[in-house]
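To start, the structure itself, in structure tokens.
The values are calculated or read from the model by the stated rules, or taken from the named source; none is laboratory data. Nothing here was measured: the structure is a model prediction, and the numbers come from that model. Here the Cβ positions follow ideal geometry from the backbone for every residue, glycine too, while neighbour counts run over all protein chains shown. Side chains included, ligands, DNA and RNA excluded: accessible areas come from the protein's heavy atoms. Shrake-Rupley method; radii C 1.70, N 1.55, O 1.52, S 1.80 Å.
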Amino acid sequence: NASIAAEQISRELIQLTDQPIVFFGHSLGAQLAFETAQKLNQLQGPNVALLVMSGSKPPSEREGKKNWHLLPDNQFIEAISKLGGTTSEVLLNKELMDLFIPQLRADFALLASLNTTKRPTLSCPIFAFGGQDDPFATPKELQDWSQETTGSFDSVIFPGKHFFIQESKKDVISMLNFIISNMLANKL
């Protein structure tokens, strides 16, 4: 359950009260990062200094993928293929997919368990990273992250689809370094 995972992560992070907390998450990772930031607020733990949400729309805007983990294998593999990031050679290799399907189903079950109701807005800055051609989190949909904070918001769009972080790895890392450096220098 995503709520339990976020609470466990939050309880560990409470020990780091003197350190700025920065979350970067892509796709499911973005949803879990947001859930953890919400839990930290509920537990009155340390404030999150920055959220970088990548390849994901806000939880209240999420739909569609929530029950992928219940699909029969052939439909599940077809749905996964639409995300990109996995070569057809892997998707067509039964032995490999037999190894990966249980983990992928667990990931999508975790995604399905996430809270999609609107929660109190956060106060930390939020950056949204996206792929220009990502059908699951379009550049326009990424803008909705601005409604999840009273802090600053900005977005950065990279070439590519849902797994633009693989295609544009160096640019994504450079942008993360730039954003975090500015945050630490109190420029955000």
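Pair-distance distribution P(r) for segment 57-188, from all Cα-Cα distances in 10 Å bins starting at 0: 11, 32, 35, 17, 4, 0 percent. Straight-line cross-link reach from Lys57 at under 16 Å between alpha-carbon atoms covers these aspartates and glutamates, not counting any fewer than eight positions away in the same chain: Glu35, Asp133, Asp134, Glu141, Asp144, Glu148, Asp154. For segment 129-174, the share of accessible area belonging to carbon and sulfur comes to 50 percent (1.4 Å probe, ligands and nucleic acids excluded).
log10 I(q)/I(0), Debye, Cα-only segment 77-120, no solvent, q = 0.28, 0.33 Å⁻¹? So the normalised log intensities work out to -1.05, -1.20. Converting phi to 3J(HN,Hα) with the Karplus coefficients 6.51, -1.76 and 1.60 and the offset θ = phi - 60°, segment 153-164 yields 9, 8, 9, 10, 10, 10, x, x, 9, 5, 9, 4 Hz in sequence order, with x at every glycine or proline. Per 10 Å bin from zero, what fraction in whole % of the C-alpha pairs of segment 12-91 is there, up to the bin with the longest pair? That works out to 16, 36, 26, 17, 5, in percent per bin.
Ranked from largest to smallest solvent-accessible area, with a 1.4 Å probe on the protein heavy atoms, Asp154, Asp134 come out as Asp154, Asp134. Accessible area per residue for the chain, computed on protein heavy atoms with a 1.4 Å probe, is 53 Å². For segment 137-145, the Karplus equation 6.51 cos²θ - 1.76 cosθ + 1.60, evaluated at θ = phi - 60°, returns couplings of 8, 5, x, 5, 5, 4, 4, 5, 4 Hz by residue, with Gly and Pro reported as x.
Entry note: segment 7-53 has Rg to Rh equal to 0.93, where both radii use alpha-carbon atoms and Rh is the Kirkwood radius. Reported to the nearest whole Å, the Cα centre-to-centre distance from segment 1-56 to segment 163-180 is 20. Applying a length cut-off of 18 Å (Cα extent along the axis) and a mean Kyte-Doolittle floor of 0.5 to the DSSP H helices of the chain leaves 94-112, 169-184. Picking from Ser152, Ser174, Ser56, which is most flexible by a Gaussian network model of the chain using Cα springs under 10 Å? Among Ser152, Ser174, Ser56, the largest mean-square fluctuation in the Gaussian network model of the chain belongs to Ser174. Placing dummy labels 7 Å off each Cα toward the beta-carbon, the span from Gln19 to Ala109 is 3.1 nm.
Ordered by solvent-accessible area of protein heavy atoms (1.4 Å probe), largest first, the residues Leu92, Leu51 come out as Leu92, Leu51.
Could you tell me whether segment 115-188 comes out rounded, prolate or oblate from its Cα gyration tensor? Rule is a ≥ b ≥ c as square roots of the eigenvalues, rounded for a/c under 1.5, then prolate if a/b exceeds b/c, otherwise oblate. Note, shape of segment 115-188 comes out oblate. Among Arg105, Arg11, Arg119, the sequence by solvent-accessible area, most first, with a 1.4 Å probe is Arg11, Arg105, Arg119.
Spin-label model, Glu167 to Ser3: label points 7 Å out along the Cα-to-beta-carbon direction sit 3.7 nm apart.
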